[in-house]
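Everything on this sheet refers to the single structure shown next.
Readers should treat all values here as calculations from the given coordinates under stated rules, not as data from a laboratory. Computed from a predicted structure; not experimentally measured. Cβ placement follows ideal geometry from the backbone for every residue including glycine, while neighbour counts extend to all protein chains displayed.
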Amino acid sequence: MSLIHTDIADDVGIITLCHQAKRNALSETLIKEVQAALGAFKAQSVRVVILRAEPGAKVWSAGHLVDELPESGYDPLGWQDPLRSVIRDIEALPVPVIAMVEGGVWGGACELVFACDMIIATPEATFAATPAKLGVPYNVSGLLTFLTAATPHIAKELLFTGRPMRASRLEILGIVNHVVPADKIEAFCQDMARGIVDNSPLAISVMKEQLRILGAAQPLSPQDFERIQGLRRVVYRSADYREGIRAFKEKRKPVYRGE
Ligand code: LCV
């Protein structure tokens, strides 16, 4: 059974996450289906992609499928991590991807939404970045996604508190493009997509890639990179990381000791 639904209409590709039983948790299976859909859309020269959950979803996505995170000793968010891979695919796709958000967005799903080119959300939508709640050392490119979408202070509030932030606040902060009532959001996104479809796909694809390169242009010396990797290794090899994952699976509050 597929965990997503796809459709193409008037040069617009639509991917609907529909694994509500697991609250659209970003399992390797679900992500590979999204990646296959993106590849098919590219092959069929769609001009815009809309990434959404089912209408009326209370949870857009619950983030990483925690069951698939390593218990300890290995980088949970390394280069091969499926979420890292699909975010690279979205950034490299030569057409705009609009995140249409209804419901709660959790953990790595926040980064997935922030990596999209535009975000349209309902007033009830919320965004909760949860690495600190799980004891997970978020990775460099992932943090850059947050820093590209938000100011450092807002990125830190999201990441350090792990508390849900409402779409209306993120709209004021310029992170969410538009907040639109649930009964109007589908038509709104389709209208925005049509506005893009009518423009030059070549100009748009080249500007999207230029903006990606400019946004990622961060000077990082090899020494700084190695220091970052060492710092992250301390975290994902810590007792706190094991406690975070275990507490989630045992559905209890974690007790962190800073070791
Ligand atoms: C596995 C799940 C999940 C899930 N994994 O429904 O960004 S990082 O670094 O933190 C990164 C590591 C990351 O993304 O970590 C995941 C962060 N996500 C979260 O902390 C959200 C965890 N989920 C929830 O808090 C609740 O599920 C929400 C509030 C999303 C929905 O609550 P609701 O009461 O509607 P349930 O909790 O009953 O979940 C329904 C089923 O989905 C599973 C959950 O275990 C349950 O499975 P069973 O029916 O088999 O018990 N599920 C939900 N989220 N991230 N499994």
Close pairs from the range 146-169: first free of Cβ contacts under 8 Å to residues at least 12 places away in the same chain, partner small (Gly, Ala, Ser), Cβ under 6 Å, at least 6 apart: Leu147/Ala155
Filtered residue count, the range 237-255, keeping only those that are assigned to a helix (DSSP H, G or I), near the ligand (Cβ under 10 Å from one of its atoms) and charged (D, E, K, R): 1
Count - residues of the range 113-144 that are in contact with a strand residue (DSSP E or B) (Cβ under 7 Å, 6 or more places away or on another chain) and either surrounded by 24 or more Cβ atoms within 10 Å (Cβ to Cβ) or of a type in the set (A, V, I, L, M, F, W, C) (or both): 10
Pick from the range 84-102, criterion of a type in the set (A, V, I, L, M) and assigned to a loop (DSSP other than H, G, I, E, B), ranking: nearest to Leu30 (Cα to Cα): Leu93
Checklist (1) farther than 30 Å from Ser238 by Cα; (2) under 16 Å from the mean Cα position of the chain (by Cα) applied to His178, failing item: (2)
Number of the condition not met by Glu33 [criteria: (1) touching a residue at least 40 places away in the same chain (Cβ under 8 Å); (2) more than 27 Å from Val234 (Cβ to Cβ); (3) surrounded by 15 or more Cβ atoms within 10 Å (Cβ to Cβ)]: (1)
Among the residues listed as Val59, Val86, the single one being in contact (Cβ under 8 Å) with a residue 24 or more places away in the chain, closer than 12 Å to Ala109 by Cα and under 12 Å from the mean Cα position of the chain (by Cα): Val86
Qualifying residue in the range 204-220 (condition: within 30 Å of Ser72 (Cβ to Cβ) and surrounded by 14 or more Cβ atoms within 10 Å (Cβ to Cβ)): no
Options Val113, Val105: the member that is of a type outside the set (D, E, K, R), touching a Phe, Trp or Tyr at 6+ places or on another chain (Cβ under 6 Å) and within 16 Å of the ligand (Cβ to nearest atom): Val105
Those residues of the range 116-146 which are closer than 24 Å to Pro70 by Cα, out of contact with any Lys or Arg (no Cβ under 9 Å at 6 or more places or on another chain) and more than 12 Å from the ligand (Cβ to nearest atom), in sequence order: Leu144
Residues located in the range 9-29, provided they are near the ligand (Cβ under 8 Å from one of its atoms) and without any contact (Cβ under 8 Å) to a residue 24 or more places away in the chain: Ala21
